[in-house]
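The values are calculated or read from the model by the stated rules, or taken from the named source; none is laboratory data. Everything numeric here is computed off the predicted structure, so don't read it as measured data. Cβ placement follows ideal geometry from the backbone for every residue including glycine, while neighbour counts extend to all protein chains displayed. Only protein heavy atoms, including side chains, enter the accessible area calculation; ligands, DNA and RNA are left aside. Shrake-Rupley method; radii C 1.70, N 1.55, O 1.52, S 1.80 Å.
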Amino acid sequence: MSIDYATLAKTIAALTAGETDAVSLMATVTCEVHHADDRFDWTGFYRVVGPELLKIGPYQGGHGCLVIPFSRGVCGACARTGQVQRVADVEDFPGHIACASSTRSELVLPVRDGAGRLIAVFDIDSDQPDAFTPEDATALQAILDGAFHNAT
């Protein structure tokens with residue numbers, strides 16, 4: 001299945017227009033993205049809740065890790081560096097946290113508010129190896145940037 005990112009972006013923009021609550025935005029984005037592609041087995045947010053600390057936010061799929069320090073895993077690396085993490089094989093990622101044993105590849109993107117502050121990371125796991133493309137990362141980052149521009 002190939003995602004029509006233009007349509008997905010328009011749908012999310014329409015659903016979130018005028019919304020400023022970050023958790024409401026996260027819930028809506030998670031739902032729409034999770035159901036947009038069969039590659040996406042776990043889709044959700046880890047919110048920045050303190051210095052160097054992420055906690056699980058709205059998600060779809062099986063259970064996730066509840067707490068992730070910036071110092072651990074793919075989500076922590078994204079939060080620590082502010083850079084997209086596209087991991088073709090999680091077994092090759094030093095310090096990978098196996099929240100679900102079925103995860104083979106992972107895409108994690110930084111989520112910033114309109115002031116540029118990191119408020120969360122958006123994590124997508126797949127049971128397929130090398131499931132994510134640079135195009136996925138670029139399109140999803142643009143969707144996140146648009147959706148969370150007015151987040152509070």
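Toward the positive end of the charge dipole of the chain, with +1 on the Cβ of Lys and Arg and -1 on the Cβ of Asp and Glu, the farthest Cα among His35, Ser102, Cys65 is that of Cys65. Here the chain has 52 percent of its accessible surface on carbon and sulfur atoms, given a 1.4 Å probe and all protein chains in place. What does the C-alpha gyration tensor say about the overall shape of the stretch 21-70? Classify as rounded when a/c is under 1.5, otherwise prolate if a/b is larger than b/c, or oblate. Taking the square roots of the gyration eigenvalues as a ≥ b ≥ c, the stretch 21-70 is oblate. Site pair Ala14 and Leu118 shows an inter-label distance of 3.5 nm when each label is modelled 7 Å from Cα along Cα→Cβ. At a Cβ-Cβ separation cutoff of 4.7 angstrom, cysteine residues of the chain with no neighbouring cysteine are Cys31, Cys75, Cys78. Estimated at 0.36 nm per residue, the fully extended path between Thr152 and His35 surpasses their Cα-Cα distance by 39.6 nm.
On full extension, the segment bounded by Ser71 and Val49 gains 6.5 nm, given 0.36 nm per residue less the C-alpha separation.
GNM remark for the chain: springs join alpha carbons under 10 Å apart, and the peak mean-square fluctuation among Ala77, Ala115, Ala27 falls on Ala115. The distance linking the stretch 119-152 with the stretch 25-74 is 11 Å (Cα centroid to Cα centroid, whole angstrom). The accessible area of Thr138, taken with all protein chains in place and a 1.4 Å probe, comes to roughly 100 Å². Listed by number, the DSSP H helices of the chain that run 15 Å or longer by alpha-carbon position along their axis and have mean Kyte hydropathy of at least -0.5 are 5-16, 22-34, 134-147.
Relative contact order of the stretch 11-105: 17 percent, from C-alpha pairs under 8 Å at least 6 residues apart in sequence. On the basis of the beta-carbon distance and an R0 of 25 Å, Asp145 and Ala100 show a calculated FRET efficiency of 0.35. Per residue, the stretch 16-144 exposes an accessible area of 44 Å² to a 1.4 Å probe, with every protein chain left in place. Considering the stretch 1-128 at the alpha-carbon level, its Rg and Dmax are found to be 14.0, 41 Å.
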